[in-house]
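Contents: one structure, followed by commentary.
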Amino acid sequence: MKITYDWLKDHLKISAKEEKLLEKLTDIGLEVESIENLFEGLDLFKIAKIVKTEKHPNADRLKVCEVDVGNKKIKKVVCGAANAREGLLTVYAPPGAIIPKNKTKLVVAKIRDVTSYGMLCSESELNLSNESEGIIELTSSKYAKNIGKSYFSKPSSNLIDLSITPNRPDCLGVRGIARDLSAAGFGNLKTDKEKKIKSNKKQTLKVKIIKEKSQGCLSFGSCLITNVKNTESPQWLKDKLISIGQKPISAIVDITNYVMIDINRPLHAYDADKIEKGIIVRNTKSGEEFTALDNKNYKLNEGMCVISDNKGVLGLGGIIGGTRSGTELDTKNVLLESAYFDPRSIRKTAKKLNIDTDAKFRFERGIDQLSIENGLNKAAFLIKEICGGEISKIDIQKIGSYKKKILKFDPNIFERITGFKISVKEMINILEKLGFETKIEKKIIKLLVPSWRPDIVQEIDIVEELVRISGYRKIKIENPIKERSKNTLNPTQKLFHFLQRAVASKGYLETITWSFTDTKYNDHFKESNKEIKIVNPISSELGVLRNSIFSNLVMYMSKNLDRGIKDLSIFEIGPTFYGSRPGEQNTVVCGLSAGKKSRLSWVEKERNVDVFDIKRDVVQTLVEAGYNSEKFYLDDASPNYFHPGKSGRIFLNKGKDKVAAYFGEIHPNIIKTLDIKTDSLVGFEIFLDNLRLPKKPIKDQKTKYFVSEFQKSERDFAFIVDKNVNVQELVSVISGIDKNLISNIKVFDVYEGENIPKNQKSIAISVTIQSLEKTLTDNDLEKINNLIIETVENKTGAKIRS
Amino acid sequence: MSEIKNIRDQFISKLENDLSIDQINEIKTELFGKNGLISSKFKTIGSIPDTDRKKFASDLNQAKDELQNLITSKINELEGKKINEKLEKEKVDITLPERPFVRGKVHPVSQTIDEISSIFSEIGFSVEEGPDVENEYYNFTALNTPDNHPARDMHDTFYLDENKEFLLRTHTSPVQIRTMLKDKPPFKIIAPGRTYRSDSDQTHSPMFHQVEGLHIDTNINMGHLKGCLNYFIKEFFEVEKIKMRFRPSHFPFTEPSAEVDIGYEIKDGKIIIGEGDKWLEILGCGMVHPNVLKNVKVDPSKYQGYAFGIGIDRLAMLKYGINDLRAFFDCDYRWLNHFGFDPLDVPSNYRGLSR
């Protein structure tokens, strides 16, 4: 909402400085968004006189004018206007001036080989009207004495742009803002001298509101003004509109705009002669259409509230008028509309058709239902004053009547909510200044809510008014008490934070990527999940919710590789989605590692990152998070986006849990298709929701400290097994032989090739044997040794290598 | 007598020569070997007459000790020299680079969330969460923002179905609703998380982070709200004093509502919080609207309290001098390295939020 201090002063008796005003506005919740000095630079535009014109030597339509710009200076200006002639008083813009219409800065320029120093301006170029035919003609005699003076008179106040919250339609009018200020002790609200139309002429155009289901128009006031002469607005009205950044159009339009801004009463002016017989306010039938004043043709759905006549739709009530019945400069008879439309109906229609207008903005927030007459009176008198004509009686049609809301307010609630006290007397003072009627009944304030405050419906709304006007400064700071009755984080949240830092500590940079992604990437990683489309995405590349974090991570990894880094590990912890219902999401830690280890190292041999690097990161992370790696169970049934032979799944326990993690090399086809330029790309996913939480807190997890002091013995074995026997199997067989004696098993070599039969491999294992009870004798060791060989051979088909 | 002395003198002078370890060991054997000169003398002790025996033994022992010590020290000396020579040869250029290491980092938003949680933990808030996909009821209607309410215009919403029933939450406020429906008052929670609005330009990202706060009890008023935020802002920015301004505003789910500005100035291109006369809006808050309490079956005549919503990314930008919001989600490794935090830097109460 744009206002000026000057306009406010039409309604407010005040002499304070503008600075104080700005402070007060913000203090009472009318936030000042910006302040603008519209006059800035306009002082350069001077009143000037053309003293001589000559035809341009190289262009038929151009003239070279000698212009008296004051101070006895004559400037040569090339001008294309037909009306440029000797003796004409007009407006001159020198080089350096910025033309308001297109914001371009004038420079000294050669126009067809003739140098032009500045420009003579049209009204349109100065945003004074739409008149672009010819330059301004200053006819008034006062200008002749003022050659060289500034054309624009300096406005005494700046344009103030307020951000009005949606609950305050009353402050979409200057008077409403003035009222709020006066309630807060900033000036006194002037009484509105409402002049009432006294006419014995009837409004002859019949208006009818059809009583039908969900009729959006509740009342329709109108007034006919006959024999007007629509003209340019007088200077005071033009200045008023220009001062808030609006462009004057014609007296009738300007007047309706002025009344709307002044008292937040939208009006519409029809050319009465273009209305067929009478006005019918009704809901649309399907298939109707009309051309609105924005020159767009709208196809209307069934059930929209329209103003129509016998011929069809004239306008969308409270939203936009139509071209068919608009007023023009030759309009003779004007029908003024001042109506009330239901905010919900307005919003529904405007949203459907995607129209945003000043009227719509106001009606959807709620217009004062009792301002219909006042609006007609104000506008009709102004039209008569400026355009002449005769005013008819006001006609008001309605399908219901408005009753002022009554509210009972218990003054004690104020302190309960705000923590500070104000007297009942002060409360009443504030409320009355805001337009409430008050009465105290048994310590309760009975209130009649002003018709311009649709937002006030319950006691808490009154508290808000009182605290807002008293000032939020009065709220006392109650310092918080440092005590905690509940844990800050629950076990899942603790795990989340732990994993985040555990992965970062392994050399991964944490990223945060969007929860949506590009189908192009997502398709590679969604597996059997269904695609979850966003109906209205920012762009088609961000059109679906991610089924896997890999989709984004792979894309950003690729971008980073393109930036020239070769070796990089990144991860993200966040949601992935498997459905479009609340809760159909998982929390996943996803990591990606690219390139080489020890690239260009003087001390270590460089090699590609591989599946065992990523496996270490996953296993170490899980172990650090408190899971026992001895119980982990691995298989190779990993998703298709991994290399089928170099990837796997980790379960926390064999046969019990859901999959805890995937890890492996990203499938070479994906790397190729997505054109990822790297030596190697490996990744993992840990599924938080599948990690069971420890039943006991860590303080109860520590068992009794128990170590063996007896001598331990390490024995090495080399088994030849079928290639498809995995190490996990072998180790689990050995560890199952005697849990009390076998304390550690280590795989130290895997070999295929020479001396080993085809389709077989040799696995070398070191087993640590130690008893908790005694030092083992050679005999004991021999026994367990043989048991290991025997069991492994029997259970896995392995052969000990001799 | 003189025999012992002779042996002693002879070998001491022998040992004075520049000998190798092997040569010394030979001498050692010559003296102390099975049939060594000294060893064999010990064997004769028994045959020495009683009167002389004591002195003989004493002299012999003395010579033995003397020679042995000399031999040991000679050997040690030589061995020391040998080791030093070896170490001298092993010398490396210690300015060569160490074996490679990689350093991971935690994203500034994650760090900021941990900082926020740590601060609110001190004054008794616990952390709640909610889903990213919400339905229209939790995100709007239950929060006193019915359909066709102009306030919905302030949220450009991503929808997941044509009926606009399912959406990406536009704020963390639906967590208030879920928390209050799940439990019984009092409530004292914060809810950090991802939020989404279909808005994308230099200062807006379609995804950003908010932290919701909610404190409901029988006696919580606007003074407590002011106190809580005053405490939070001071702790978060780790400054002695802050300038804070409560401004009346409007949110459908709180009443009275406020926006909070903090005072700042720009010194040498950097924002200094708590000084100067410029104001920066950092959060919205207010007393939870009675309609919201009714919607979650909490009796507004018995319970009341406040709620607030803070933009986390914005806070991180202010605290850590980050200019560009979009960069948060761009995943440029240079940016992540520059603005990220060491994983060991866990914000905590006892050692402060940051180093």
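Stretched out straight at 0.36 nm per residue, the stretch from A:Ser732 to A:Val623 would grow longer than its current Cα-Cα span by 37.4 nm. A:Ser423 label point, 7 Å along Cα→Cβ, cut-off 12 Å on backbone N: hits in the stretch A:166-195? Within reach of a label on A:Ser423: no residues.
Taking amide H as placed 1.01 Å from N in the peptide plane, B:Ser249 has its amide H under 5 Å from the amide H of B:Ser257, B:Ala258, B:Glu259, each at least 5 places away in sequence or on another chain. Between amide H atoms placed 1.01 Å from N, distances below 5 Å from A:Ile534 occur with A:Val544, A:Leu545, all of them 5 or more places distant or on a separate chain. Normalised by the number of residues in chain A, the average gap of Cα pairs under 8 Å and 6 or more apart makes the relative contact order 8 percent. Phi-derived couplings, Karplus 6.51 cos²θ - 1.76 cosθ + 1.60 at θ = phi - 60°, listed residue by residue for the stretch A:10-16: 4, 10, 10, 8, 7, 10, 5 Hz, with x used for Gly and Pro. Charged side chains reduced to their Cβ positions (Lys and Arg at +1, Asp and Glu at -1) give the protein assembly as shown a dipole of some 3640 debye around its Cα centre.
Computed over Cα pairs, the Kirkwood radius of chain A leads via Stokes-Einstein (1.002 mPa s, 20 °C) to a diffusion coefficient of 61 µm² per second.
Taking every alpha-carbon pair under 8 Å whose residues sit at least 6 apart, the stretch A:42-146 reaches a relative contact order of 25 percent. Just going by the charge dipole of chain A, with Lys and Arg at +1 and Asp and Glu at -1 on Cβ, which of A:Leu267, A:Ile769, A:Ile570 is farthest out on the positive end? Looking along the dipole axis, the top candidate is A:Leu267. Taking label points 7 Å from Cα along the Cα-to-Cβ direction, A:Lys103 and A:Arg607 give a separation of 6.2 nm.
When A:Arg546, B:Arg334, A:Arg453, A:Arg715 are arranged by Cβ crowding within 10 Å, least crowded first, meaning fewest neighbours, the order is B:Arg334, A:Arg715, A:Arg453, A:Arg546. Taking label points 7 Å from Cα along the Cα-to-Cβ direction, A:Ala82 and A:Thr492 give a separation of 7.7 nm. Here's how it looks for A:Ser308: its modeled amide H is under 5 Å from those of A:Ile280, A:Val281, A:Arg282, A:Leu314, which are all 5 or more places away or on a different chain. Using just its DSSP H runs of length 4 or more, each adding -39500 (n - 2.57), chain A gives a mean residue ellipticity at 222 nm of -7000 deg cm²/dmol after division by all residues.
Going from the residue with the fewest nearby Cβ atoms within 10 Å to the one with the most, B:Arg314, B:Arg355, A:Arg484, A:Arg616 rank B:Arg355, A:Arg616, A:Arg484, B:Arg314. Volume of the convex hull of the stretch A:335-403 (Cα atoms only), normalised per residue: 114 Å³.
Overall, the stretch A:42-146 carries a charge dipole of about 380 debye about its Cα centre when +1 sits on the Cβ of Lys and Arg and -1 on the Cβ of Asp and Glu, all other atoms neutral.
Can you compute the helix-only [θ] at 222 nm over chain B? Use -39500 (n - 2.57) per DSSP H run of at least 4 residues, normalise by all residues, nearest 500 deg cm²/dmol.
Theoretical 222 nm ellipticity from helices: -12500 deg cm²/dmol.
What the Cα convex hull of the stretch B:174-219 gives, in volume per residue, is 78 Å³. Residue by residue, the stretch A:229-234 carries 3J(HN,Hα) couplings of 10, 5, 8, 6, 6, x Hz when phi is fed to the Karplus relation 6.51 cos²θ - 1.76 cosθ + 1.60 (θ = phi - 60°); x denotes Gly or Pro. Of A:Phe496, A:Phe612, the sequence from fewest to most neighbouring Cβ atoms within 10 angstrom is A:Phe612, A:Phe496. When you restrict to C-alpha pairs under 8 Å that are six or more residues apart and normalise by the size of the stretch A:738-780, the relative contact order lands at 45 percent.
Rounded to the nearest 10 degrees, the inclination of helix A:372-387 to the longest alpha-carbon principal axis of chain A is 50 degrees.
Take peptide B:100-111, look around each residue's Cβ out to 10 angstrom, count Cβ atoms belonging to other protein chains, and average those counts.
6
With both labels modelled 7 Å from their Cα along Cα-to-Cβ, the B:Arg326 to B:Glu281 distance reads 2.3 nm. Taking the C-alpha atoms only, the angle from helix A:550-562 to the longest principal axis of chain A is near 90 degrees. Think of chain A as having a plus end and a minus end, set by charges on the Cβ of Lys, Arg, Asp and Glu; of A:Leu205, A:Asn552, A:Asn295, A:Leu205 sits farthest toward the positive end of this dipole. Computed 3J(HN,Hα) for the stretch B:126-143, one whole-Hz value per residue from the Karplus formula 6.51 cos²θ - 1.76 cosθ + 1.60 where θ = phi - 60°, is 10, 8, 10, 9, x, x, 6, 8, 10, 9, 4, 5, 5, 6, 10, 4, 5, 8, glycine and proline marked x.
None of the figures in this text is laboratory data; all of them are computed from the coordinates on show. Everything numeric in this text was worked out from a predicted model, so none of it was measured. A quick note on method: Cβ atoms are made from the backbone with ideal geometry, for glycine too, and the neighbour counts reach across all protein chains shown.
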